[in-house]
Amino acid sequence: MDGGTWTRYGLVAVWRSTDPERNRDREYVLRWEPSLFGPALRASWGRADSAGQQQTWWPTDVPAALRLERHIIGRRRVHGYACLRRGPAWPSDGCAGGGT
């Protein structure tokens, strides 16, 4: 990855969205992982405690990686997800909704 060295591998955060009236119990997990193509940002989502779906991004540089991460975090907040847990790779802007 150009533009700096990436060392923030690991869990970013886990979010959950629940609405018993709509039978909604969804989870969203975001983590940085090493790959053959450089650092990869992997998102997993779906019904809590199920395999769900995944998507992976390979940003070209550190600024692009941080923009992507913040964009995804912002989308979770807009969609009503609450932060359950954050990891060591969590950005410095905090975890709205809590976290450990």
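Only the coordinates and a few stated rules stand behind these numbers; no lab work does. Because the structure is predicted, anything quoted here is derived from the model rather than measured. Cβ sites come from the backbone with ideal geometry, for glycine too, and all protein chains shown count toward neighbours.
Between the beta carbons of Thr56 and Arg85, assuming R0 = 22 Å, the FRET efficiency works out to 0.60 to the nearest 0.05.
Each residue, Asp25 and Arg75, gets one label point 7 Å from its Cα in the Cβ direction; the gap between the two is 2.5 nm.
Simple rule: put +1 on each Lys or Arg Cβ and -1 on each Asp or Glu Cβ in region 10-86, find the dipole, and look at Trp57, Gly74, Leu30; the Cα lying farthest toward the positive end is Gly74. Label reach from Arg47 (point 7 Å along Cα→C-beta): in region 15-41, amide nitrogens under 13 Å belong to 23-27.
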